[in-house]
Each structure stands twice: as structure tokens, then as C-alpha cells.
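As C-alpha cells, the structure follows; a few thoughts come after it.
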Amino acid sequence: MPPENSVAFYLALRKAGVPAELHVYERGKHGVGLAPSDPVLSTWAQRLADWLRVRGLLAPPRRRGVNSRLGGNMSRITELHCNGRRVKLPGMGAEPERALLGVLRDDLDLTGTKYGCGEGQCGACTVLVDGAAVRSCITSVGSVAGKKITTIEGLERNGRLHPVQSAFLEAGALQCGYCTPGMIMSGVALVAKNRNPAPAEIAAAMQGNVCRCGTYPRIVKAIQAAARGGAR
Ligand code: FES
Ligand code: FES
């Protein structure tokens, strides 16, 4: 018999209308499965899986399609439009539910995009999708297939840094640098829309990006300078 806590969890989920399944694999081994056809649960389960994988507690995703019995989508993402060109994903591609962050870092070696919280709270993983800043840790790769993705690696043109990157360097707007790629991507999205943002507007637009080193005043100065200098 599975212990009471799994059964209780399963019953609570079912009572709440959540499409859960109770699995008893063998004596003493059991678990509660969440049907990935539910979009909220699918995202939640994917984030948990990515969190466990980053810590080496879960094996890499299987290279086979998602089990259609559970309502998954069999079609895999084999190609992305990233940093101005079409790039093939290695092997058989990625399950559409995988987090974009994991695909960028693990499959495409674009490690400039950072893993911070994994929950959409810190902004370290920010990339642009069709010009808008998005948190790649909570964005499924399936939702961005066919869209234009830009990572920090894609900002430089012909060997020249993007004006926001140059402004960060000139203002010394970084300390450890971990938040910097995400800050710059959010800054690029902002200055593309607003060529003369006030400090309060910058602070509001960058609210989702956290800097543990506290370089906020310099970050605001850098973004203002880039915007005034005519960022592309
Ligand atoms: S890692 Fe994505 S928001 Fe923190
Ligand atoms: S520079 Fe260290 S977290 Fe921002």
C-alpha cells in the first residue's frame, strides 16, 4: 500500500478537479502523476523538472515523444529562429513543454542567459521574443517556435556591442555580473519603445529584474544614456 500522504495528496487533487493519477509502481514505490494536458500543471511540472535537472537530481529528458495517452503533443520542436538565423536543435529536437531557458543553455550552448530563480521572479533568464522581454525559465519552447528569439549573444553586430551593452560598461553598471544579461535584455526592450525614459519609468520597467549586488543606480544611468544616445 502506498503511504497515506500520497493517497491524501491524490485525493485532494481529484477533489479540486485536478487531473491527477495515482501510480503504484511496485511495493513501496509510488507517486502521484499529473496529466500534462492541463496547461497550468504542465508548466508547474516542467519547472519542477528543470529545477531538479539543474541540480543533477533528475535525468535529462527522454528523447522520445510525450506519451499521447496523457494528452501530450507528439510533435517536437526541431528548429528555432534565434539570434537572426534558423538553428537546428540537436538530436530529435525538444519536447514543446520544455523551458526555453534549458533549451538555450543545454541544447544550443547559449549560456549567456542565466538561471536564477527558475520561477519567473528574478529576471536573470530574460530574452527577447519578437522584441518583447520574456522570462525564458517559464516560457515553453513550443510557444516560441517560429518567433524571433534574441539572447545576449545576439545583440552584438559586426563586432560592435549594442549601445545598451556599451552603456553598461561605461557606467560600470555591474558587480558580479550574474544579473547583467537579463538586465541588458530588459533594457534593450525598454529603449526600443521609449527613447527618453525617466528614471522612474526605467525603475518600473525593470522591476522584474533583481540585482543582488545592488547596482540599480548605475543600471538606471546606463539605460538612460543608451536611450538618449540613440540605441538601435
Ligand atoms: S531564472 Fe527566470 S526569472 Fe529567475
Ligand atoms: S551585478 Fe551582481 S547580481 Fe547584479
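Every residue, every condition in (1) of a type in the set (Gly, Ala, Ser); (2) more than 16 Å from ligand 1 (Cβ to nearest atom), yes or no:
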site: 155; (1), (2): no, yes
site: 176; (1), (2): no, no
site: 179; (1), (2): no, no
site: 209; (1), (2): no, no
site: 229; (1), (2): yes, yes
Which one of the conditions (1) away from ligand 1 (no atom under 16 Å from the Cβ); (2) touching a strand residue (DSSP E or B) at 6+ places or on another chain (Cβ under 6 Å) does residue 196 fail to meet, given that it meets all the rest? (2)
Region 187-211, subset touching a helix residue (DSSP H, G or I) at 6+ places or on another chain (Cβ under 7 Å) and of a type in the set (S, T, N, Q), residue nearest to residue 134 (Cα to Cα): 209
Verdict on residue 172 being more than 16 Å from ligand 2 (Cβ to nearest atom) and either under 17 Å from the mean Cα position of the chain (by Cα) or among the small types (Gly, Ala, Ser) (or both): no
Turns out the helices (runs of 4 or more DSSP H) fully within region 131-226 with at least 1 residues that are in contact with a Leu (Cβ under 8 Å, 6 or more places away or on another chain) and small (Gly, Ala, Ser) are 180-193, 199-205
Can you report the number of residues in region 134-143 which are buried (at least 22 other Cβ atoms within 10 Å of the Cβ) and in contact (Cβ under 8 Å) with a residue 40 or more places away in the chain? 3
Please tell me if residue 174 is touching a Phe, Trp or Tyr at 6+ places or on another chain (Cβ under 8 Å) and crowded, with 19+ Cβ neighbours inside 10 Å. yes
Within region 177-210, can you find the residues that are hydrophobic (A, V, I, L, M, F, W, C), touching a Gly at 6+ places or on another chain (Cβ under 9 Å) and within 12 Å of ligand 2 (Cβ to nearest atom)? 179, 183, 206, 210
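No lab work stands behind these numbers, since they all come straight from the coordinates. Not measured: the values here are computed from a predicted model. Note that each Cβ is placed from the backbone with ideal geometry, even for glycine, and that neighbours are counted across all protein chains shown.
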